[in-house]
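Colleague: First the structure, which I've put down as structure tokens, then a few questions once you've had a look.
The values are calculated or read from the model by the stated rules, or taken from the named source; none is laboratory data. All figures in this text were calculated on a predicted structure; none of them were measured in a lab. Using ideal geometry, Cβ is built from the backbone for each residue, glycine included, and neighbour counts are taken over all protein chains shown. When the accessible area is computed, the model is the full protein with side chains, heavy atoms only, and any ligands, DNA or RNA have been set aside. Shrake-Rupley method; radii C 1.70, N 1.55, O 1.52, S 1.80 Å.
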Amino acid sequence: MATENEPGRCHRRCAQEGLDVPKVPETHSDGDITRRGSVCDRHCAAINNVQGDLGCHQHHLRGHAAVSPALCCQQHSEEVCESCVVKTTLTAENAVEANKLSNNYKFGFKKWKSHITARPWEDRSEIVKELYSDLNVIRGPGGSTVTCGNVLYLLLFGWWLSLLYVLVAAGMFVTVVGVPYGRLCWDLAGYFLWPFGKVIQKTESPKSRQALDVREANTESSALLGGPTPHRWDPRCWVDEGYWQRAGTVAWLCLGYPLLALAHGLVCVTAWLLVFLIPVAKLSARTAVRVLLLPPECVRVCRLRMTEVPLDGEVILCCYRAVNPYYYKYAVDGINVFAVNLLPLVLVTLVLGYVDSHNQLTSSPVKFTLALLSIMPLSYYIGMAIASISAQSNFAVGAVVNATFGSITELTFYITALIKGSREGNRCYAEIVKSALTGTLVGCVLFVPGLCMVIGGIRHQEQRFNSRSAGVSSALLFLSVGGVFAPTLFSKVYGKLVCGECHNVTQNPLGHYLCHNCHFDLMDNNGTLYYSHVQPLVYTVSLLLPAAYLIGLFFTLKTHSHIYDIHISDCHMPGHHHSAVVHWSRWRALVILLLSTLCMSACADLATEHISPILTNSTISQYFIGVTVLAMVPELPEIVNGIQFALQNNLSLSIEIGNCIAVQVCMLQIPILVLFTIFYPTNFTLVFSDLHVYASMFSVVLMNYIFMDGKCDYFQGTVLVMVYFILLAVYFFAPSPSGC
């Protein structure tokens, strides 16, 4: 989590101390002020070196930061006060998290919000601690248990689960030997109808109680208290030697338990997939593996207000509410619960796609939808793997991994689509790829930052960002857009306009003609214009754009890295050091990265294999399908990261997410596609339609105008989002491209 030193607070402290405070330049949320090589830096450095422990303490024992503005104001001159307020300090629990936070601010590196190491339990909020707690804690008296979430449980699971327990109880009563289990099922029927405000306890069996009394009689007395030494209850005491050989237990395990375990398994899976009902999943899982395997005489169901936990008892289940809206934060081994739940979808997609090749089980549109949805969790796993490897490696390895796999999701789909179009001789696939490229560019320039501004503006009235770092990305965007569309503009100037058919509207030879399917022909005179002029220009641009990208990396990461002005805290108080417990080691992250990339290739192949019926039978323009579904679905994990950064008032990273993706589209993905066409000839040419050119250029100009002053609010974000939807409307009503 990023924190910053506030100029206003520093000014107020200086004013209270009676100091004359000069006007401090306006500071953005991530330190957008030019560094000053003055005596002030030496003063602050000296303070940080001498009072390192104090700095660590001020940041909740989680890391050392630059000296606080108030302390700087009290001990040094006005110049010191002005410099200390410009620094941005990022606190981290360990060195690995510090590397990840630092990588987030590096140009060309994937921005990742979630933790890649296990957070210390004491540093977590009470809300998060509740998510991971077991349902066996009795709390004090609270509000009513009649809530909307609990009523939803009753409608979805409670009534039929209770009815099933009643039927099983009747069956166990019929067996005679299973009467104790029948009584248990009868009690559990009332419990699962409405489990809220009730407790399931584990008590000692009578035989265990008698054996314990014998042991207590032979126990030596305490010399200090003058009585017997208190015993500690043994949780294994209920398992007597003949329990599993009882006739009632055998009847229960054969007749009652399998049916109830199956029902609870169904409830557990359903509630887990619904995410917000995970407490119900925990309730069912613990019942199936714990409660139903206990001897019936050891299980006690009672209401919460009448419950007093005895010394020889144990609380097994105690649930208060069925729905918790904060379970979207829940993670399994560092993986968000939504990504975990979507992982089986990938397996279903691959099995259906390659086993049912003749569409006997499902249709092509269904397979295309499943393949497209499977790309979302795979993008998440690829992003987390890249962040984990980069944070645990040096800069060179991190840069190589980000450059190699940073755009693998989009490139996999584009290349498979171009290969299929080349095999079928269908130019429509090349046009779809161009639409997806343009859609990604426009969406990341307008929709991603605009949506982050709107959502972040709901919590923060005005948000600031580093205009200098955003200016670097904007300059690269201008350069990349100009380079990408240079061959298109060249063909418009020197190409020959050819139309499919023309009709005379006025029936006059000199009158007006209405022409359809007009385009600039680059193959006139045996392709002289294309092969002699346009193609060399395409190759030149494809070499210059990656070179410009490398120069931008060198500028932002080496020679002018101070424009970010980021300081990562790297010390801990003695006795409070937290070692880094990474969720994924480097080798594990590498294996997951390779497997996710392989599955991504398979899903992309299935998506392109089954997109043809959608393109031919759909009444929607192929332009619209390309710029929306194919362009933005793979970017959903990045959009979620941007929203999370904006909610924490870190809009700089939200903007950088969109800008970096847009820059990579123009400076890396398109040159790679051009290079691919050299070795594998396809129908892809770097000549876009007029609609793509105008939409992209207008989007970049508008974005630079909005980001000019380094601050924004929800209104400016609304403007960007509305312009994006207007462009989508234009694509929706536009005719399909030629060749489709």
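Colleague: Between I726 and R290, what is 0.36 nm times their sequence separation minus the Cα-Cα distance? Round to one decimal in nm. All intermediate terms of the calculation are to be shown ahead of the outcome.
Modeller: Values: separation 436, 0.36 × 436 = 156.96 nm, distance 5.70 nm.
Full extension from I726 to R290 adds 151.3 nm.
Colleague: Between L167 and L347, take the C-beta separation as r, use R0 = 35 Å, and let me know the FRET efficiency to the nearest 0.05. Before the final figure, lay out the partial values.
Modeller: Values: r = 35 Å, r/R0 = 0.99.
The formula returns an efficiency of 0.50 here.
Colleague: Shifting gears a bit: Taking amide H atoms as placed 1.01 Å from N in the peptide plane, list the residues 5 or more away in sequence, or in a different chain, whose amide H sits under 5 Å from that of C319.
Modeller: HN-HN under 5 Å from C319: G197, K198.
Colleague: Can you give me the distance in nm between label points at L255 and L598, each placed 7 Å from the Cα along the Cα-to-Cβ direction?
Modeller: 5.0 nm
Colleague: Still on this structure, please answer the following. Would you work out what percent of the accessible area of region 375-489, with all protein chains in place, is carbon or sulfur (probe 1.4 Å)? All intermediate terms of the calculation are to be shown ahead of the outcome.
Modeller: Details: 2050 of 3290 Å².
Reported share for carbon and sulfur atoms: 62 percent.
Colleague: Kindly identify region 437-488 as rounded, prolate or oblate by the Cα gyration tensor criterion: order the square roots of the eigenvalues as a ≥ b ≥ c, call it rounded if a/c is under 1.5, otherwise compare a/b with b/c, prolate if a/b is larger, else oblate. Please list the in-between numbers first.
Modeller: Details: a/c = 5.52, a/b = 1.82, b/c = 3.04.
The shape class here is oblate.
Colleague: Which far-off residues, 5 or more places away or on another chain, put their amide H under 5 Å from the one on V299, with H placed in the peptide plane?
Modeller: Under 5 Å from the amide H of V299 lie the amide H atoms of T203, each far enough along the sequence or on another chain.
Colleague: With θ taken as phi - 60° and the coefficients 6.51, -1.76 and 1.60, list the Karplus ³J(HN,Hα) couplings across region 627-637 in order, rounded to whole Hz; mark glycine and proline as x.
Modeller: Rounded to whole hertz, the list is 7, 10, 5, 6, 8, 9, 4, x, 8, 4, x.
Colleague: Under the 0.36 nm per residue contour assumption, what length would be gained going from the current alpha-carbon distance of S144 and Y354 to full extension? Mind dumping the intermediate values first?
Modeller: Details: separation 210, 0.36 × 210 = 75.60 nm, distance 5.21 nm.
Taking S144 through Y354 to full extension adds about 70.4 nm, to one decimal.
Colleague: Right, here's the next one. Just to check I understand the Karplus step: with θ = phi - 60° and J = 6.51 cos²θ - 1.76 cosθ + 1.60, what whole-Hz values come out for region 708-719, glycine and proline as x?
Modeller: Couplings: 5, 9, x, 8, 7, 8, 5, 5, 5, x, 4, 4 Hz.
Colleague: OK, next. Say a paramagnetic label sat at a point 7 Å from the Cα of S364, along Cα to Cβ; which residues of region 409-448 have their backbone N under 18 Å from it?
Modeller: 416-433, by backbone N distance to the label point.
Colleague: For W159 and M708, compute 0.36 nm times the residue count separating them, minus their Cα-Cα distance, and round to one decimal in nm. Walk me through the numbers on the way to the answer.
Modeller: Numbers: separation 549, 0.36 × 549 = 197.64 nm, distance 5.94 nm.
That works out to 191.7 nm of additional length.
Colleague: According to a simple spin-label model (label point 7 Å from Cα along Cα-to-Cβ), what is the distance in nm between Y328 and R459?
Modeller: Going from the R459 label point to the Y328 one covers 1.1 nm.
Colleague: First measure r as the distance between the Cβ atoms of V591 and F679, then evaluate 1/(1 + (r/R0)^6) with R0 = 51 Å and state the FRET efficiency to the nearest 0.05. Don't jump to the answer; show the numbers that get you there.
Modeller: Numbers: r = 29 Å, r/R0 = 0.56.
Calculated transfer efficiency: 0.95.
Colleague: Further, regarding this structure: Residue by residue, what Karplus-based ³J(HN,Hα) values in Hz, rounded to whole numbers, does region 259-273 have, using 6.51, -1.76 and 1.60 with θ = phi - 60° and x for Gly and Pro?
Modeller: These are the phi-based 3J(HN,Hα) values: 5, 5, 5, 5, 5, 5, x, 4, 4, 4, 5, 5, 5, 5, 5 Hz.
Colleague: What does the charge count around T556 come to, taking other residues whose C-beta lies under 11 Å from its C-beta (Lys +1, Arg +1, Asp -1, Glu -1)?
Modeller: +2
Colleague: Now a separate question. Round to a whole number: what % of the accessible area of region 611-740 belongs to carbon and sulfur, probe 1.4 Å?
Modeller: Details: 3640 of 5080 Å².
That fraction is 72 percent.
Colleague: While we're looking at this one, here's another question. For an R0 of 41 angstrom, estimate the FRET efficiency from the Cβ-Cβ distance between R246 and W121 and round to the nearest 0.05.
Modeller: Details: r = 42 Å, r/R0 = 1.02.
The calculated FRET efficiency here is 0.45.
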